[in-house]
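The values are calculated or read from the model by the stated rules, or taken from the named source; none is laboratory data. Quantities reported herein were computed from a predicted structural model and do not represent experimental measurements. Cβ placement follows ideal geometry from the backbone for every residue including glycine, while neighbour counts extend to all protein chains displayed.
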Amino acid sequence: MSQNVIALLVIGFFMIFPLAIGFAARSKSRSTAEDYFIQSRAMGGIAVFFSVAATWWSAFAFLGSNGYFYTTGPMYWTAIAWNVLFGVLYYGVGKKIWYMGKLNNYVTATDFFNHQYGSIKLGNFVAVILIVCTVPYLQIQLSGGAYLIQVASGELIPFALAAMLFYLVIIIYVWAGGIRAIAWCDIFYGVLLFFGMVFAGFYVASLVGGPASMFHQVERIFPGHTTLAEGRWMNWLAMFIITPVGSFMGPQLWARFYSVKSAKTFDIMPFLLAAAAIAYIGSMLTGNAGKLLYPDVAELVNGNADYILPTVLFNHAPFVLGSVLMACGAAAAMSTANAQVLALSTVYTMDIHRKYINKNLTEHKLIWVGRWALLIFSAAAYIMALFVPGLLVTIGLVALGGTAQVMIPTCGALFWKRSTVAGAASGMAVGLGLLVLFTFSPIKAPGPFISGGGALFALICNLAVFVIVSSVTKPRPEKLMTQLKQQYSDFYHKVNMYN
């Protein structure tokens with residue numbers, strides 16, 4: 001059997017199997033918008049874990065992590081810490097959002113802000129932020145996944161066609177089964193992603209004599225590459241905070257707060273997510289061993305450090321093994337892209353179309369609006385993937401820096417009764433304005449904050465403005481605060497009522 005046939009069979013399997021899962025999920029679906037978008041708030045613990053983990057890990061993790069270890073040494077080890085922080089946030093903040101969603105029938109982040117702050121305008125502002133910042137991150141998944149399909153096919157499938165196939169597969173099964181199809185597919189994707197990252201790392205390390213030999217060679221040839229460079233502590237801190245907070249506030253994670261069936265799921269998630277972080281051992285091995293094999297980044301595909309793993313596999317691994325591992329990487333991209341495109345569709349359908357275009361849509365028609373929105377957002381990301389290139393980690397950090405700004409008013413609503421609409425809006429406006437300024441102008445963040453791309457500085461300024469403005473502006477209505485106070489009290493006393 002020729003390599004071309006083998007490659008196409010591998011790709012065919014990874015394309016067709018998720019479609020089969022999606023249509024199986026469709027048979028369990030109900031004809032309601034709530035079921036299509038958040039699985040009737042009844043997603044089980046196993047599906048939640050894999051769906052959250054697979055959505056959280058993306059092409060940013062599978063490709064970008066290898067590239068970051070290759071270029072910056074141990075900088076990406078912050079991933080261990082941010083996995084822990086992400087799990088803690090999921091327990092401490094996500095659980096409370098879930099409970100409020102149960103009581104008040106939230107479907108999107110906008111619903112949360114509309115109710116918690118009593119302001120439709122603030123909710124709309126958040127919806128715009130989430131859409132604008134998520135589309136570029138969706139581009140990452142299409143770009144990374146398409147390239148991996150291209151490599152797995154032995155270059156038989158060009159990038160543009162690979163991106164189109166990637167896009168169509170996701171659209172078909174999400175169209176068919178909604179978030180239930182995504183959750184079921186994510187179990188498949190999550191297993192592939194975890195073992196793919198770990199196996200790839202040990203395989204690449206074996207090419208240079210194994211992990212022990214690799215470390216000795218790296219330290220001898222590239223002194224200091226295995227230690228955190230002086231002055232990089234702020235970059236480490238920025239990644240530790242911005243990456244989990246930005247991902248946590250993405251619309252795809254809000255859907256996973258509301259979808260959960262039992263409070264007990266939130267209790268175990270920090271431990272599961274922290275344990276799953278050992279997969280980054282594979283990325284560390286790939287990045288460092290790749291540095292020995294290809295010390296000059298110009299030797300890599302497109303001269304891009306993100307592609308160190310495809311370069312090594314393409315030149316050193318048996319073709320079948322390389323194709324399978326690249327397909328595992330494509331699974332990482334698909335597991336995030338499917339959640340993001342449905343989340344964007346949900347925001348548009350529930351927060352824009354239903355409220356401002358047609359308020360009288362039936363449940364059936366709401367689902368169809370959501371399906372057509374899938375096509376539109378995916379098409380936008382497809383066009384960006386073709387015409388807006390960029391390093392995966394760079395694009396990812398800018399997008400995550402934007403969604404991270406939503407965390408301040410979210411925590412304010414949940415934990416500080418003096419939070420106000422003016423404070424929330426002002427803080428986010430300042431944070432986003434600074435992020436745009438630092439990213440797209442010659443002006444950079446002050447002092448050590450420049451190494452973090454300015455996102456952390458923008459978040460700190462957001463917090464400061466939020467606290468100051470909230471302290472001197474009109475508080476939320478007394479009637480609303482009385483209702484919320486009772487709900488918060490019930491949360492601590494009756495949190496297991498849905499177990």
**Message:** Which numbered condition in (1) assigned to a helix (DSSP H, G or I); (2) touching a residue at least 40 places away in the same chain (Cβ under 8 Å); (3) farther than 26 Å from residue 236 by Cβ is the only one that residue 419 fails?
**Reply:** (1)
**Request:** Would you check if residue 473 is in contact with a helix residue (DSSP H, G or I) (Cβ under 8 Å, 6 or more places away or on another chain), at pLDDT below 95, of a type in the set (Val, Ile, Thr) and more than 19 Å from residue 127 (Cα to Cα)?
**Result:** no
**Request:** Could you give me the residue pairs with C-beta distances under 9 Å whose first residue belongs to the stretch 138-154 and is closer than 19 Å to residue 303 by Cα, whose second residue is among the acidic types (Asp, Glu) wherever it lies, and which are 6+ apart or on separate chains?
**Result:** 144/306; 147/306
**Prompt:** Residues in the stretch 80-95: is at least one at positive phi and out of contact with any Ser or Thr (no Cβ under 9 Å at 6 or more places or on another chain)?
**Reply:** no
**Message:** List pairs: first residue in the stretch 185-206 and under 14 Å from residue 62 (Cα atoms), second residue crowded, with 20+ Cβ neighbours inside 10 Å and of a type in the set (Phe, Trp, Tyr) anywhere in the structure, Cβ distance under 6 angstrom, at least six positions apart or on different chains.
**Reply:** 190/50; 193/57
**Request:** Have a look at 137, 106, 91, 173 and point out the one that is at pLDDT 90 or above and either within 16 Å of the chain's Cα centre (by Cα) or over 28 Å from residue 22 (Cβ atoms) (or both).
**Result:** 91
**Request:** Can you work out which of the residues in the stretch 289-324 that are surrounded by 16 or more Cβ atoms within 10 Å (Cβ to Cβ) and not in a helix (DSSP H, G or I) is nearest to the chain's Cα centre (by Cα)?
**Result:** 304
**Message:** For the stretch 190-245, give me the residue count where each residue is outside any helix (DSSP H, G or I) and charged (D, E, K, R).
**Reply:** 2
**Message:** Given the options 243, 286, name the one that is over 21 Å from the mean Cα position of the chain (by Cα) and over 21 Å from residue 101 (Cβ atoms).
**Reply:** 286
**Fill in**
Only unsatisfied item for residue 422, checking (1) at pLDDT below 95; (2) surrounded by fewer than 20 Cβ atoms within 10 Å (Cβ to Cβ), is (1)
**Request:** Determine, yes or no, whether residue 367 is touching a residue at least 24 places away in the same chain (Cβ under 8 Å), part of a helix (DSSP H, G or I) and more than 17 Å from residue 124 (Cβ to Cβ).
**Result:** yes
**Asked** Just checking, how many residues over the stretch 14-59 are among the small types (Gly, Ala, Ser), without any contact (Cβ under 8 Å) to a residue 40 or more places away in the chain and outside any helix (DSSP H, G or I)?
**Response** 1
**Request:** Residue by residue through the stretch 209-235, note down the ones that are surrounded by 13 or more Cβ atoms within 10 Å (Cβ to Cβ), β-branched (Val, Ile, Thr) and over 11 Å from residue 291 (Cα atoms).
**Result:** 226
**Request:** Give the residue that is surrounded by the fewest Cβ atoms within 10 Å (Cβ to Cβ), with candidates limited to residues of the stretch 259-288 that are of a type in the set (Ser, Thr, Tyr) and over 30 Å from residue 107 (Cβ atoms).
**Result:** 280
**Request:** List the number of the failed condition for residue 480; all other conditions in (1) of a type in the set (A, V, I, L, M, F, W, C); (2) surrounded by 19 or more Cβ atoms within 10 Å (Cβ to Cβ); (3) over 30 Å from residue 45 (Cβ atoms); (4) in contact (Cβ under 8 Å) with a residue 60 or more places away in the chain hold.
**Result:** (2)
**Request:** Please enumerate the residues belonging to the stretch 219-251 that are in contact with a Ser or Thr (Cβ under 7 Å, 6 or more places away or on another chain) and free of Cβ contacts under 8 Å to residues at least 12 places away in the same chain.
**Result:** 219
